[in-house]
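A short worksheet on the structure shown next.
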Amino acid sequence: MTEQVGRTIGFVWALGAALALSACGGGNYRPVRDTPVKIGPPYKVRGTTYVPAADPGYDMLGYASWYGSESGNRTANGEQFRAKWVTGAHVSLPLPSYVEVTALDSGRTILVRINDRGPFAGRGRVIDLSRGAAEQLGIRAQGHAAVRVRIVDPPEKDREKLRKGKAAPERPLVPERILAKLRAQLQASIP
């Protein structure tokens, strides 16, 4: 074997090893973008079947919790999970989707980018929030809070902020009289 061929084989081997290691190190995460939107087939978790679907009128009362120790893992749409970003997990909304999440105790409302699946445990839970979303909403210390989740179509400038890991501006506070009605509806809906 000539010296030139030996160097070429060595280079190809080193390049292949480097590419393989970069894939193990997370180099193959999906870029953070809004297209394509993925709905996906039905799936089963712990004996429950979930059916992803587009739902332009989605508006749900329930509970939110948050997660953050999974930083670096792959989300359901292939992106890298970053705990400090304002993201969330939902069992059936298309990935990605954008939702307004309102804390029913304070009336604070934030915009969240849904890029993962969950929650799969806990009665009445409708969304899991990243640590960054829980902090922005003011529920991190509680760990669990009553919320309203509505699908929205936000302006591109807000979408862009969330895609870059920054929080979009908070929405206006919900008045107390409306919060009282929402809390009563939630109380009546969960046995």
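Overview of results
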quantity	calculated
Within the stretch 179-191, tally of residues that are hydrophobic (A, V, I, L, M, F, W, C) and not in a helix (DSSP H, G or I)	1
Number of positions in the stretch 160-178 that are closer than 13 Å to R108 by Cβ, among the basic types (K, R) and part of a loop (DSSP other than H, G, I, E, B)	0
Test set (1) touching a residue at least 24 places away in the same chain (Cβ under 8 Å); (2) in the same structural domain as A145 (by TED's automatic domain parsing) - V37 fails condition number	(2)
Qualifying residue in the stretch 113-123 (condition: among the β-branched types (V, I, T), without any contact (Cβ under 8 Å) to a residue 40 or more places away in the chain and assigned to a strand (DSSP E or B))	yes
So I114, is it within 13 Å of D34 (Cβ to Cβ), modelled with pLDDT of 95 or more and either crowded, with 18+ Cβ neighbours inside 10 Å or among the polar types (S, T, N, Q) (or both)	yes
Yes/no for V147 being under 14 Å from the mean Cα position of the chain (by Cα) and buried (at least 20 other Cβ atoms within 10 Å of the Cβ)	no
Residue under evaluation D153, criteria (1) more than 24 Å from G68 (Cβ to Cβ); (2) outside any loop (DSSP other than H, G, I, E, B); (3) of a type outside the set (A, V, I, L, M), criterion not met	(2)
Filtered residues of the stretch 57-93 (kept if farther than 16 Å from R30 by Cα, hydroxyl-bearing (S, T, Y) and in a strand (DSSP E or B))	Y63, S65, Y67
Residue within the stretch 176-190 that is of a type outside the set (S, T, N, Q) and under 16 Å from the mean Cα position of the chain (by Cα) present	no
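The values are calculated or read from the model by the stated rules, or taken from the named source; none is laboratory data. Note that the structure is a prediction, hence the values are computed from the model and not measured. When we count neighbours, we look across all protein chains shown, and the Cβ atoms used for this are built from the backbone with ideal geometry, even at glycine.
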